Amino acid sequence: MVQNDAFRALDRQECLRLLAKVPVGRVVYTRHALPAVLPVNFTLDPDASVVLRTSAASDLVRAIDGVVVAFQADEWHAATQSGWSVVVTGQAAVVTDPAEHDRLSASGPTSWMPIRDGVFVRIEPGMVTGREVIGARYSA
């Protein structure tokens, strides 16, 4: 059994600071009325939005454009049994503004895979929660 004092809630600023440190997270969404999770590389925009890049024709874009999704990222250190996890919940939308698309093309994320007709998807940070695990201790 894990003792509760090994967990610490993170405030919004701590969550955003930690998110900015890692390059990979997971988009949690609904596909064919079932839960789906997809690992993606991303960047955190200055307005705290999560931004990812993918193909305009991807199943992901069709599934998340205009709907509320969750985005989760974390970091774990097995040797110390410590780490953190952050979840951003908010509406996802394809970036359609040409100036914003150009800005993100210069400074935003690249895709893991070569893509044609790339689009950026922004996840608004409506709710940002997180927790830190500090050397979890187990008891019988």
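Just so it is clear, none of the values below were taken in a lab; they were calculated from the coordinates. Being a predicted model, the structure only gives us computed values, none of them experimental.
How high is the relative contact order of the chain, in percent, with contacts defined as C-alpha pairs under 8 Å that are six or more residues apart?
36 percent
Give me the mean projected area, in nm² to one decimal, of the convex hull enclosing the Cα positions of the chain.
9.9 nm²
Relative to the longest principal Cα axis of the chain, at what angle does helix 98-107 sit, 0 to 90 degrees, rounded to 10?
The answer is roughly 50 degrees.
Could you work out the helix-only [θ] at 222 nm for the chain, with each DSSP H run of four or more residues adding -39,500 (n - 2.57) and the total divided by the number of residues, to the nearest 500 deg cm²/dmol?
-4500 deg cm²/dmol
Could you identify which residue out of E100, E124, E75 has the top mean-square fluctuation in a GNM of the chain using Cα springs shorter than 10 Å?
Maximum among the listed residues: E100.
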